[in-house]
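Below is one structure, written out as structure tokens, with a few remarks after it.
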Amino acid sequence: MTVSFKGKSSRRAFLKGTLAAGGTLAGATLAKAEGADPLITEKQPWAQGLGDGVDATPYGLPIKYEDDVIRRNVEWLTADTISSINFSPIHALDGTITPQGCAFERHHSGAIELKKEDYRLMINGLVDQPLVFTYEDLERFPRVNHTFFLECAANTGMEWAGAQLNGAQFTHGMIHNMEYTGVTLRTLLEEAGLDAAGDLKDKWVYVEGADASSNGRSIPMDKALDDCMIAFKANGEALRMEHGYPVRLVVPGWEGNMWVKWIRRIEVTDQAVQSREETSKYTDTLENGTSRKWTWVMDAKSVVTSPSPQAPIKHGKGPLVITGLAWSGRGAITRVDVSKDGGKTWETARLANPGQPMALTRFYLDTTWDGEEMFLQSRAMDETGYVQPTKTQLREVRGENSVYHNNCIQTWWVNANGEAENVEVS
Ligand SMILES: Nc1nc2c(c(=O)[nH]1)N[C@H]1C(S)=C(S)[C@@H](COP(=O)(O)O)O[C@H]1N2
Ligand SMILES: [Mo]
């Protein structure tokens with residue numbers, strides 16, 4: 001096995017560590033008090049006075065001890081922070097729902113402030129009756145609730161040429177998973193009437209946002225009528241400004257770029273617009289220089305979120321919870337395997353809950369760490385039978401000219417101190 005470290009490519013002999021558990025799983029000292037613990041035996045300051053009243057924080061923030069669990073950007077990635085991206089702190093989250101306050105942002109011309117009163121959504125083109133909805137109009141259509149992941153097609157895009165960024169937040173954090181409330185796009189298209197469009201099979205909708213970039217994208221009518229949503233709430237509350245307040249488009253399982261924020265117009269057309277965002281961007285250049293286009297679906301993918309470079313093992317050998325996230329734009333995750341030896345052997349992880357279509361799935365491997373180095377990987381499978389590829393397999397098909405749609409298996413090298421680093425094995 002060849003291991004390549006960040007920024008360099010060195011050969012390392014792979015330690016054939018005996019991964020057999022040391023036999024002391026319930027590690028005798030795991031929860032046993034060694035002596036008098038003042039935190040148990042002494043009355044603590046927080047029990048000697050009163051806490052905050054209920055009016056202290058009308059809208060709460062995370063407690064200050066968690067203030068490192070925040071979105072972060074990588075300064076050298078973009079020229080400025082306006083047309084830029086930051087990353088969800090997935091290494092520090094658990095479960096599957098991403099709180100809006102730390103869900104990654106991607107803007108092409110910055111996040112805009114748009115009041116509900118000033119909000120308009122227009123449907124035009126090949127419809128029976130062009131319509132303009134206000135925000136209040138949207139609230140009067142039957143509502144649906146669904147949880148979906150949004151992954152930017154560029155997620156993991158810096159890793160094509162080699163291990164690059166040191167942390168799950170940076171390699172895989174262009175993703176979030178929220179419960180959306182809104183109306184189906186079908187409901188609104190049918191309100192405008194689609195008879196004028198004739199045969200719907202070869203029709204498209206062109207969607208654009210109210211921001212300066214407009215971020216226009218063409219979506220096949222099939223998808224528009226299938227499961228797209230016009231959403232105004234996420235995780236129960238209004239969308240945050242940075243996620244498209246007051247209304248965004250939800251395109252389940254498809255690349256994040258199509259999820260137009262501050263959506264202002266939907267045009268029914270008889271062909272794709274071939275906009276900037278679907279020609280010069282969000283296409284995948286292959287080894288021979290030609291580019292794939294219309295690569296809308298996000299293929300199955302997974303990552304170990306802990307341990308990982310930002311979440312080292314601090315407790316030494318013994319019981320260890322390995323955890324991570326898996327997802328597929330083609331349906332539900334059915335199985336996730338975890339390897340500790342760079343893909344030589346695999347153990348099937350426990351799914352915290354049965355996989356939901358096009359939503360994040362949490363997995364756990366409850367294991368025993370023998371204190372030896374590990375080459376940690378996870379491998380997702382979805383309901384179509386698709387198996388997440390290794391980096392080598394992905395490169396065979398895609399070459400190294402791509403930015404988008406890198407869904408290869410990730411490796412963390414965990415050393416004997418429990419520290420983890422982004423590496424590549426082949
Ligand atoms: N109007 C508009 N919509 C947009 C964008 C944008 O810049 N403007 N960025 C797109 C991209 S590339 C992505 S990945 C997602 C990011 O959504 P988020 O900021 O809520 O994470 O929004 C998409 N929708
Ligand atoms: Mo994106």
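The values are calculated or read from the model by the stated rules, or taken from the named source; none is laboratory data. Computed from a predicted structure; not experimentally measured. Using ideal geometry, Cβ is built from the backbone for each residue, glycine included, and neighbour counts are taken over all protein chains shown. Heavy atoms of the whole protein, side chains included, go into the accessibility calculation; ligands, DNA and RNA do not. Shrake-Rupley method; radii C 1.70, N 1.55, O 1.52, S 1.80 Å.
Just the residues that are over 12 Å from V414 (Cβ atoms), open to solvent by 40 Å² or more (accessible area, probe 1.4 Å) and not in a strand (DSSP E or B), please, taken from segment 315-354.
Those that are over 12 Å from V414 (Cβ atoms), open to solvent by 40 Å² or more (accessible area, probe 1.4 Å) and not in a strand (DSSP E or B): H315, R330, K344, T345, W346, A352, N353, P354.
Could you tell me whether A79 is within 27 Å of A210 (Cβ to Cβ), open to solvent by 50 Å² or more (accessible area, probe 1.4 Å), away from ligand 1 (no atom under 14 Å from the Cβ) and free of Cβ contacts under 8 Å to residues at least 12 places away in the same chain?
On the way: within 27 Å of A210 (Cβ to Cβ): yes; open to solvent by 50 Å² or more (accessible area, probe 1.4 Å): yes; away from ligand 1 (no atom under 14 Å from the Cβ): yes; free of Cβ contacts under 8 Å to residues at least 12 places away in the same chain: yes.
The answer is yes for A79.
Only one residue in G198, G173 is outside the structural domain of A326 (by TED's automatic domain parsing) and either at pLDDT below 95 or over 24 Å from A153 (Cα atoms) (or both), so which one is that? Show your work before the answer.
Details: G173 fails: either at pLDDT below 95 or over 24 Å from A153 (Cα atoms) (or both).
The conditions single out G198.
As an exercise: evaluate T98 against (1) under 21 Å from the mean Cα position of the chain (by Cα); (2) not in a loop (DSSP other than H, G, I, E, B) and give the number of the one condition it does not meet.
(2)
Can you confirm whether segment 308-316 contains a residue that is within 15 Å of ligand 1 (Cβ to nearest atom) and in contact with a Phe, Trp or Tyr (Cβ under 7 Å, 6 or more places away or on another chain)?
At the first step, the residues of segment 308-316 found to be within 15 Å of ligand 1 (Cβ to nearest atom) are none.
No: segment 308-316 contains no residue that is within 15 Å of ligand 1 (Cβ to nearest atom) and in contact with a Phe, Trp or Tyr (Cβ under 7 Å, 6 or more places away or on another chain).
Can you run down the residue pairs with Cβ atoms below 7 Å, 6 or more apart or on separate chains, where the first is in segment 99-111 and within 6 Å of ligand 1 (Cβ to nearest atom) and the partner is at pLDDT below 95 and assigned to a loop (DSSP other than H, G, I, E, B)?
Cβ pairs passing all conditions: H107/I82; H107/S83; H108/S83.
When you go through S213, S218 one by one, which is the residue that is more than 18 Å from D128 (Cβ to Cβ), touching a Phe, Trp or Tyr at 6+ places or on another chain (Cβ under 7 Å) and either away from ligand 2 (no atom under 16 Å from the Cβ) or touching a residue at least 24 places away in the same chain (Cβ under 8 Å) (or both)? Give the steps one after another, and end with the answer.
Values: S213 fails: touching a Phe, Trp or Tyr at 6+ places or on another chain (Cβ under 7 Å).
Just one listed residue meets the conditions, S218.
Just to be sure before I move on: is E396 open to solvent by less than 60 Å² (accessible area, probe 1.4 Å) and of a type in the set (D, E) in the structure I sent? Give the derivation first.
Working: open to solvent by less than 60 Å² (accessible area, probe 1.4 Å): no; of a type in the set (D, E): yes.
Spelling it out, it is not the case that E396 is open to solvent by less than 60 Å² (accessible area, probe 1.4 Å) and of a type in the set (D, E).
Determine if segment 369-384 includes at least one residue that is open to solvent by 10 Å² or more (accessible area, probe 1.4 Å), assigned to a loop (DSSP other than H, G, I, E, B) and under 18 Å from G329 (Cβ atoms).
Yes, segment 369-384 has at least one match.
If you take just the strands (runs of 3 or more DSSP E) that sit entirely in segment 227-273, which of them hold at least 3 residues that are more than 20 Å from the chain's Cα centre (by Cα), surrounded by fewer than 24 Cβ atoms within 10 Å (Cβ to Cβ) and away from ligand 2 (no atom under 13 Å from the Cβ)? Reasoning before the result, please.
On the way: elements: 229-234, 248-250, 263-269.
Because the criterion is at least 3 residues that are more than 20 Å from the chain's Cα centre (by Cα), surrounded by fewer than 24 Cβ atoms within 10 Å (Cβ to Cβ) and away from ligand 2 (no atom under 13 Å from the Cβ), the strands (runs of 3 or more DSSP E) in segment 227-273 that meet it are 263-269.
What do you reckon, is G216 in contact with a strand residue (DSSP E or B) (Cβ under 9 Å, 6 or more places away or on another chain), surrounded by fewer than 19 Cβ atoms within 10 Å (Cβ to Cβ) and assigned by TED's automatic domain parsing to the domain that holds L131? Step through it out loud before you land on a result.
On the way: in contact with a strand residue (DSSP E or B) (Cβ under 9 Å, 6 or more places away or on another chain): yes; surrounded by fewer than 19 Cβ atoms within 10 Å (Cβ to Cβ): yes; assigned by TED's automatic domain parsing to the domain that holds L131: yes.
Taking the combined requirement at face value, the residue satisfies it.
Report those helices (runs of 4 or more DSSP H) wholly inside segment 134-199 carrying at least 1 residues which are within 16 Å of ligand 2 (Cβ to nearest atom) and in contact (Cβ under 8 Å) with a residue 24 or more places away in the chain. Break it down into steps so the answer makes sense when it comes.
Numbers: elements: 135-138, 168-172, 185-192.
So the answer is 168-172.
Hey, any hits in segment 85-92 for a residue that's surrounded by fewer than 16 Cβ atoms within 10 Å (Cβ to Cβ), in contact (Cβ under 8 Å) with a residue 60 or more places away in the chain and either touching a strand residue (DSSP E or B) at 6+ places or on another chain (Cβ under 6 Å) or outside the structural domain of M178 (by TED's automatic domain parsing) (or both)? First the steps, then the outcome.
First pass over segment 85-92, keeping only residues surrounded by fewer than 16 Cβ atoms within 10 Å (Cβ to Cβ): none.
No.
State all residues of segment 399-426 that are open to solvent by less than 60 Å² (accessible area, probe 1.4 Å) and either in a strand (DSSP E or B) or out of contact with any Asp or Glu (no Cβ under 9 Å at 6 or more places or on another chain) (or both); if no residue qualifies, say none. Before the answer, list the steps.
Filtering segment 399-426 down to residues open to solvent by less than 60 Å² (accessible area, probe 1.4 Å) leaves 399, 402, 404-415, 418, 420-425.
Matches in segment 399-426: I409, T411, W412, W413, V414, G418, A420, E421, N422, V423, E424, V425.
Can you pull out every residue in segment 151-170 that is buried (at least 24 other Cβ atoms within 10 Å of the Cβ) and away from ligand 1 (no atom under 16 Å from the Cβ)?
A163, A168
Evaluate the following for S213: is it modelled with pLDDT under 95 and of a type in the set (S, T, Y)? It would help to see each step written out before you state the result.
Working: modelled with pLDDT under 95: no; of a type in the set (S, T, Y): yes.
No: the conditions fail for S213.
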